[in-house]
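*Asks:* Quick one: this structure, given as structure tokens, is what I'll be asking you about.
The values are calculated or read from the model by the stated rules, or taken from the named source; none is laboratory data. Small disclaimer: the values here were computed from a predicted structure and weren't measured. A quick note on method: Cβ atoms are made from the backbone with ideal geometry, for glycine too, and the neighbour counts reach across all protein chains shown.
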Amino acid sequence: MGHHHHTDYVDVVSAKGPAKVGGATLAVFALMILIGFSAFGYFAFLSEGKERLGWIAFLHNTYFFTLLSAAGLVTAAIMQVTRSHWGRTIKRFAEASGNFLWFSLLCVALLGLGIEHLYEWSHITEWPSHSNKAGWLQSGFWWGRQVLWVAVLVVVGQMFLKWSTRPDMGLAHEKNPDLWNSVSGWRGAATEIEDCQAKQSKWAVFYCIAFPVCVSMMAYDMIMSLDFRWFSAMFGGWNFTTAILTGWSSLVLITYFMGQRFEVSKYISKPVFHDLGKLTFGFTIVWCYLLFAQVLVIWYGNLPHEAGFLLTRFQDPMWQPWAIAVFLGVFLFPFILGLSKHLKMSPTTFGPIALLSLCAVWLERFILIAPSAWYFNREKGVYWSALPGTENAAEATSAISIILVDMLVALGFMGVFGLMYTMFLYKRPVMVISDPRLDMGVNRH
Amino acid sequence: MDVKIHEINFSYGEITKDILRTLEKPRPTYWLMMAMIVAGLGIGVASWMYQIKEGMGVAGLNHPVGWGVYITDFVFWVGIGHAGTLISAILFLFRAKWRNAIFRSAEAMTIFAVLTAALFPLIHVGRVWVAWWLIPYPNQRELWVNFRSPLLWDVFAINTYFSVSAIFFCIGLIPDVAAIRDKAKGMRKKIYTFMSLGFDNSNHQWRHYMAGYGFFAALATPLVLSVHSVVSWDFAVSIVPGWHSTLFAPYFVAGAVFSGMAMVITILIPFRSIFNLEKYLTIWHFDMMSRLIMLTGSIVTYSYLTEYFIAWYSDDVFEIFIFHERVFGKYQIPFLMMFGCNCVVPLLLWSRKLRTNLKVLWVITIFINIGMWFERFNIIVSSLAQEYDPFSWGWYVPSWVEFGVTIGSFCWFFMWFFLFIKFFPSMALTEMKEIADPPVTGDAAHGKEAA
């Protein structure tokens with residue numbers, strides 16, 4: 001790469017003005033949304049005896065995309081907290097992921113309608129006398145908590161985004177008043193930038209605290225409580241770490257496509273992709289480490305109420321192939337391929353690996369959710385669908401049908417994610433042009 | 001660069017002179033400190049000898065609490081050993097330039113802390129003269145150690161960690177030792193010549209050296225995670241209430257880094273003052289280290305709260321009982337020490353004003369050291385004292401022998417550190433020069449004084 005220095009990024013980015021989403025892109029998003037949410041609507045509300053298929057898919061995708069969105073924002077917040085230079089060029093791309101959290105709020109609110117189809121505990125009328133879960137796992141209380149966790153992420157995330165985007169919008173307006181709307185109360189770049197940076201840093205810290213707490217609680221409430229007899233203290237930590245992995249891997253793809261779309265690729269040097277590759281690689285290892293740390297303790301302890309969760313996924317022929325696929329996709333292939341510096345340096349070579357990792361994490365969320373939600377009563381060995389009046393799913397030997405519904409619904413979520421992402425990014429400068437560290441980020445070789 | 005803004009108030013030419021000043025003939029205060037250390041070490045040795053002579057009965061250990069202060073000390077010292085490799089390896093890979101001034105002393109601390117930790121299994125086995133039975137080796141009686149025991153995994157994990165950390169430390173020392181060699185005379189010159197392995201500052205050597213250093217950094221990084229994870233599994237793979245938790249591995253690792261960083265600060269603040277190294281070890285360095293403590297301290301607090309939440313959520317009467325007893329039972333004081341020192345006191349660090357006041361920071365880090373010792377005591381003793389069957393419950397009180405050995409272990413650690421600062425540069429000459437503005441004239445401009 002040549003050692004020329006870029007200093008024109010403020011002018012170039014601000015001269016672009018707010019962009020419009022193309023008609024074709026909008027049509028694709030609309031189609032995806034139509035297919036995905038029609039599938040969800042059909043299974044969850046219209047099909048008889050298969051409601052749970054729809055709700056599993058909805059819960060799964062709500063969870064995956066909410067964490068993906070929250071994690072995108074946390075990668076930007078981490079850059080701010082650590083005062084790093086390397087990723088400044090792509091910080092706005094990461095921030096835009098956070099816009100989906102608004103939709104997440106709607107989804108978790110809607111999830112209240114699916115509690116009885118998903119959670120065995122919602123049918124328990126008589127808990128043991130000493131049970132703490134009796135109070136914790138009450139439908140209304142549970143629902144309120146989910147809304148609260150996402151609302152906290154939305155509020156704190158929005159404050160972070162507000163102080164991140166404000167000086168960029170103001171600066172862009174100063175440069176090109178015709179293209180960008182003015183920012184209310186703007187006191188000039190010199191004053192605003194310093195002030196906003198300080199506020200942004202403060203809210204980035206708050207977000208970095210809110211993220212692990214809220215995501216952990218969502219993991220315990222939404223996923224762990226599906227199999228409410230089972231518990232793992234690491235489950236929350238493992239889930240938010242996996243979410244951060246998706247934050248980095250998705251950023252590889254987003255950076256590549258958005259860099260090209262907005263013609264700012266020249267500012268995003270190869271080392272940025274190398275760093276993204278290294279972070280994805282690092283979190284891939286951390287994922288495996290945390291998985292191993294859980295599995296070892298449960299396997300060695302060999303307690304019935306703990307081991308069942310693993311046995312279902314590792315030994316039941318219905319789930320085992322998917323569990324293996326998760327291990328290969330989240331860890332083994334990205335680990336082996338990620339060892340190569342050459343592959344990490346370019347999005348064209350590392351992009352597919354990042355995509356594989358993302359898809360495998362999606363499948364990982366599935367394998368955490370579906371077997372728990374599918375079994376109604378593991379102690380009796382009776383499947384949920386074997387309840388009177390429903391088809392006998394106990395005969396099912398493959399999870400394909402469940403995954404297919406999940407994939408259809410995932411299309412809808414991807415459509416919304418894309419729409420929300422573009423609604424945020426296209427209306428703001430695509431790089432953090434007012435950031436004092438951007439210059440170091442652009443001019444690194 | 002931030003590092004330029006914060007750090008550079010020294011010139012390239014004075015680095016070697018200033019840093020090597022720590023190797024000069026010790027002043028009386030050094031000898032006084034050393035005498036106190038040796039006296040404390042004497043207490044430790046005497047206590048251990050007494051235990052060897054009289055048997056393990058003189059320690060407070062008895063059924064059901066077979067692990068007490070000794071294992072607490074062991075875990076504590078392994079934890080202290082984490083900061084060095086974190087700073088040397090992980091922060092190196094993260095290109096955090098603030099590590100340059102502190103990594104050498106932190107690495108040395110790692111080696112000495114692991115050496116200290118390694119004493120405790122020997123002390124704890126009682127009949128130390130047959131401790132070699134712990135080593136798996138082919139023998140005629142076909143007696144093997146239990147490979148399924150996490151205690152044995154620990155032997156391997158700690159040996160690997162020590163080996164890699166020691167090699168990493170020695171490799172890092174090579175250019176600096178070569179610099180001392182060039183200035184030393186007599187016997188010292190011969191020793192440093194041997195230790196510098198023929199390093200002559202050529203471009204060729206530097207190229208290989210840097211590649212090797214990066215390689216070792218990558219190799220050492222997973223070890224930071226693995227060692228304390230394995231230590232945590234000494235507890236977690238059992239089904240003892242309060243121990244059997246999937247969270248233990250990352251929780252122990254975060255705690256280890258937390259305590260290790262605190263110890264680094266505890267040592268470096270007086271060290272900086274005694275040797276007048278204020279312009280090299282700036283407030284900025286301590287600010288950065290404090291931030292790392294804030295991060296790891298937050299993870300530790302998250303882990304404590306998660307443990308309590310999961311115990312409550314589990315509806316497991318034994319888990320609930322143990323965690324209730326820790327807060328309200330006989331071992332309430334260790335719990336309060338743990339929680340207060342590790343979760344409450346570090347909150348002061350969130351104030352920039354306080355964390356950049358070195359006197360306050362020093363006191364806070366001492367609290368953290370105390371808190372982390374009590375964390376291990378709290379975990380180990382409270383769970384063993386009141387396991388499942390009330391009939392087998394027992395009350396453990398450490399004996400003076402255990403306290404004597406503990407004092408000795410601290411002195412053993414500090415003895416090595418005090419020896420180290422008189423024989424090796426406690427800051428990396430080469431890496432300090434990397435961040436200083438290079439001279440533009442004279443021999444140094446042609447690389448003749450690269451180190």
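*Asks:* So how many residues does region A:124-139 have that are more than 9 Å from every other protein chain (Cβ to nearest Cβ), assigned to a loop (DSSP other than H, G, I, E, B) and among the polar types (S, T, N, Q)?
*Replies:* Total satisfying the criteria: 3.
*Asks:* Check off (1) modelled with pLDDT of 80 or more; (2) under 30 Å from A:Ile244 (Cβ atoms); (3) surrounded by fewer than 23 Cβ atoms within 10 Å (Cβ to Cβ) for A:Ser401 and give me the number that stays unchecked.
*Replies:* (2)
*Asks:* Can you work out which of the residues in region B:249-276 that are touching an Asp or Glu at 6+ places or on another chain (Cβ under 9 Å) and among the aromatic types (Phe, Trp, Tyr) is modelled with the lowest pLDDT?
*Replies:* That would be B:Phe275.
*Asks:* Tell me whether region A:274-284 contains one or more residues that are touching a Leu at 6+ places or on another chain (Cβ under 9 Å), among the charged types (D, E, K, R) and away from chain B (no Cβ under 14 Å).
*Replies:* No, there is no match, as no residue in region A:274-284 is touching a Leu at 6+ places or on another chain (Cβ under 9 Å), among the charged types (D, E, K, R) and away from chain B (no Cβ under 14 Å).
*Asks:* Right, another one. Give A:Ser372, A:Ser357 a once-over and let me know the one that is polar (S, T, N, Q), touching a helix residue (DSSP H, G or I) at 6+ places or on another chain (Cβ under 7 Å) and at pLDDT 95 or above. Step through it out loud before you land on a result.
*Replies:* On the way: A:Ser372 fails: at pLDDT 95 or above.
When all the criteria are applied, what remains is A:Ser357.
*Asks:* Can you list the helices (runs of 4 or more DSSP H) lying wholly within region B:317-436 that have 3 or more residues being buried (at least 18 other Cβ atoms within 10 Å of the Cβ) and not basic (Lys, Arg)?
*Replies:* Numbers: elements: B:317-328, B:332-339, B:352-355, B:358-385, B:400-423, B:429-435.
Fully inside region B:317-436 and qualifying: B:317-328, B:332-339, B:358-385, B:400-423, B:429-435.
*Asks:* Restricting region B:305-320 to residues that are touching a residue at least 12 places away in the same chain (Cβ under 8 Å) and within 11 Å of chain A (Cβ to nearest Cβ), which is farthest from A:Arg83 (Cα to Cα)? Lay out the reasoning, then the answer.
*Replies:* In the first step, residues of region B:305-320 are kept if they are touching a residue at least 12 places away in the same chain (Cβ under 8 Å); the result is B:306-308, B:310-311, B:316, B:318-319.
Now narrow it down to the ones that are within 11 Å of chain A (Cβ to nearest Cβ): B:306-308, B:310-311, B:316, B:319.
Numbers: B:Thr306: 29, B:Glu307: 32, B:Tyr308: 34, B:Ile310: 35, B:Ala311: 37, B:Asp316: 44, B:Glu319: 42 Å.
Taking the candidates together, the pick is B:Asp316.
*Asks:* Among (1) more than 9 Å from chain B (Cβ to nearest Cβ); (2) within 20 Å of the chain's Cα centre (by Cα); (3) surrounded by fewer than 22 Cβ atoms within 10 Å (Cβ to Cβ), which single condition is A:Trp287 missing?
*Replies:* Among (1) more than 9 Å from chain B (Cβ to nearest Cβ); (2) within 20 Å of the chain's Cα centre (by Cα); (3) surrounded by fewer than 22 Cβ atoms within 10 Å (Cβ to Cβ), the lone unmet condition for A:Trp287 is (3).
*Asks:* Determine, yes or no, whether B:Phe235 is under 30 Å from B:Val65 (Cα atoms), within 17 Å of the chain's Cα centre (by Cα), within 14 Å of another protein chain (Cβ to nearest Cβ) and among the hydrophobic types (A, V, I, L, M, F, W, C). Break it down into steps so the answer makes sense when it comes.
*Replies:* Numbers: under 30 Å from B:Val65 (Cα atoms): yes; within 17 Å of the chain's Cα centre (by Cα): no; within 14 Å of another protein chain (Cβ to nearest Cβ): yes; among the hydrophobic types (A, V, I, L, M, F, W, C): yes.
So B:Phe235 does not fit the description; no.
*Asks:* A:Ser97: under 20 Å from A:Ala219 (Cβ atoms) and assigned to a helix (DSSP H, G or I), yes or no? First the steps, then the outcome.
*Replies:* Working: under 20 Å from A:Ala219 (Cβ atoms): yes; assigned to a helix (DSSP H, G or I): yes.
Yes; evaluated as a whole, the condition is true for this residue.
*Asks:* Also: For the condition at pLDDT below 85 and of a type in the set (Gly, Ala, Ser), what is the one hit in B:Ala211, B:Ala184? Talk me through it step by step, then tell me what you get.
*Replies:* Working: B:Ala211 fails: at pLDDT below 85.
Within the list B:Ala211, B:Ala184, the selection yields B:Ala184.
*Asks:* Something else about it: List the number of the failed condition for A:Asn181; all other conditions in (1) assigned to a helix (DSSP H, G or I); (2) within 30 Å of A:Lys16 (Cα to Cα) hold.
*Replies:* Evaluating A:Asn181 over (1) assigned to a helix (DSSP H, G or I); (2) within 30 Å of A:Lys16 (Cα to Cα) leaves (1) as the failure.
*Asks:* Out of region A:10-25, which residues are among the aliphatic types (A, V, I, L, M) and touching a residue at least 60 places away in the same chain (Cβ under 8 Å)? Don't jump to the end; show me each part of the working.
*Replies:* Of the residues in region A:10-25, the ones among the aliphatic types (A, V, I, L, M) are A:10, A:12-13, A:15, A:19, A:21, A:24.
Result: A:Val10, A:Val12, A:Val13, A:Ala15, A:Ala19, A:Val21.
*Asks:* Does B:Thr301 meet the test of being within 14 Å of another protein chain (Cβ to nearest Cβ), out of contact with any Pro (no Cβ under 6 Å at 6 or more places or on another chain), more than 30 Å from B:Gly57 (Cα to Cα) and buried (at least 17 other Cβ atoms within 10 Å of the Cβ)? I'd like the intermediate steps shown before the answer.
*Replies:* On the way: within 14 Å of another protein chain (Cβ to nearest Cβ): yes; out of contact with any Pro (no Cβ under 6 Å at 6 or more places or on another chain): yes; more than 30 Å from B:Gly57 (Cα to Cα): yes; buried (at least 17 other Cβ atoms within 10 Å of the Cβ): yes.
Against the criterion (within 14 Å of another protein chain (Cβ to nearest Cβ), out of contact with any Pro (no Cβ under 6 Å at 6 or more places or on another chain), more than 30 Å from B:Gly57 (Cα to Cα) and buried (at least 17 other Cβ atoms within 10 Å of the Cβ)), B:Thr301 qualifies.
*Asks:* Regarding region B:282-296, can at least one residue be identified that is within 17 Å of B:Ile364 (Cβ to Cβ), among the β-branched types (Val, Ile, Thr), buried (at least 17 other Cβ atoms within 10 Å of the Cβ) and within 14 Å of chain A (Cβ to nearest Cβ)? If you could, list the steps in order and put the result at the bottom.
*Replies:* At the first step, the residues of region B:282-296 found to be within 17 Å of B:Ile364 (Cβ to Cβ) are B:283, B:285-296.
Then keep just the ones that are among the β-branched types (Val, Ile, Thr); that gives B:283, B:293, B:296.
This time we only want the ones that are buried (at least 17 other Cβ atoms within 10 Å of the Cβ), so: B:293, B:296.
Narrowing further to those that are within 14 Å of chain A (Cβ to nearest Cβ): B:296.
Checking region B:282-296: at least one residue is within 17 Å of B:Ile364 (Cβ to Cβ), among the β-branched types (Val, Ile, Thr), buried (at least 17 other Cβ atoms within 10 Å of the Cβ) and within 14 Å of chain A (Cβ to nearest Cβ).
*Asks:* Still on this model: (1) farther than 25 Å from B:Ala108 by Cα; (2) touching a residue at least 12 places away in the same chain (Cβ under 8 Å); (3) surrounded by fewer than 17 Cβ atoms within 10 Å (Cβ to Cβ); (4) not acidic (Asp, Glu): which one isn't true of B:Met49, the others all being true?
*Replies:* With respect to (1) farther than 25 Å from B:Ala108 by Cα; (2) touching a residue at least 12 places away in the same chain (Cβ under 8 Å); (3) surrounded by fewer than 17 Cβ atoms within 10 Å (Cβ to Cβ); (4) not acidic (Asp, Glu), B:Met49 is out only on (2).
Listed here are the residues, each with its yes/no results for (1) within 14 Å of another protein chain (Cβ to nearest Cβ); (2) at pLDDT 95 or above; (3) surrounded by 22 or more Cβ atoms within 10 Å (Cβ to Cβ).
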site: A:Lys175; (1), (2), (3): no, no, no
site: A:Val183; (1), (2), (3): no, no, no
site: A:Lys202; (1), (2), (3): yes, yes, no
site: A:Ser216; (1), (2), (3): yes, yes, yes
site: A:Ala219; (1), (2), (3): yes, yes, yes
site: A:Gly236; (1), (2), (3): yes, yes, yes
site: A:Leu245; (1), (2), (3): no, yes, yes
site: A:Val252; (1), (2), (3): no, yes, yes
site: A:Gln260; (1), (2), (3): no, no, no
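*Asks:* When region A:299-337 is examined, which residues are found to be among the aliphatic types (A, V, I, L, M), within 18 Å of A:Pro371 (Cα to Cα) and within 14 Å of chain B (Cβ to nearest Cβ)? Talk me through it step by step, then tell me what you get.
*Replies:* Applying the first criterion (among the aliphatic types (A, V, I, L, M)) to region A:299-337 yields A:303, A:307, A:310-311, A:318, A:323-326, A:328, A:330, A:332, A:336-337.
Remaining after also requiring within 18 Å of A:Pro371 (Cα to Cα): A:307, A:310-311, A:318, A:323-326.
Of everything in region A:299-337, those that are among the aliphatic types (A, V, I, L, M), within 18 Å of A:Pro371 (Cα to Cα) and within 14 Å of chain B (Cβ to nearest Cβ) turn out to be A:Ala307, A:Leu310.
*Asks:* If I go through region A:58-87 residue by residue, how many of them are under 15 Å from A:Met258 (Cβ atoms) and modelled with pLDDT under 95?
*Replies:* Taking region A:58-87 first, the residues under 15 Å from A:Met258 (Cβ atoms) are A:72, A:75-76, A:87.
Checking which are modelled with pLDDT under 95 leaves us with A:87.
Count: 1.
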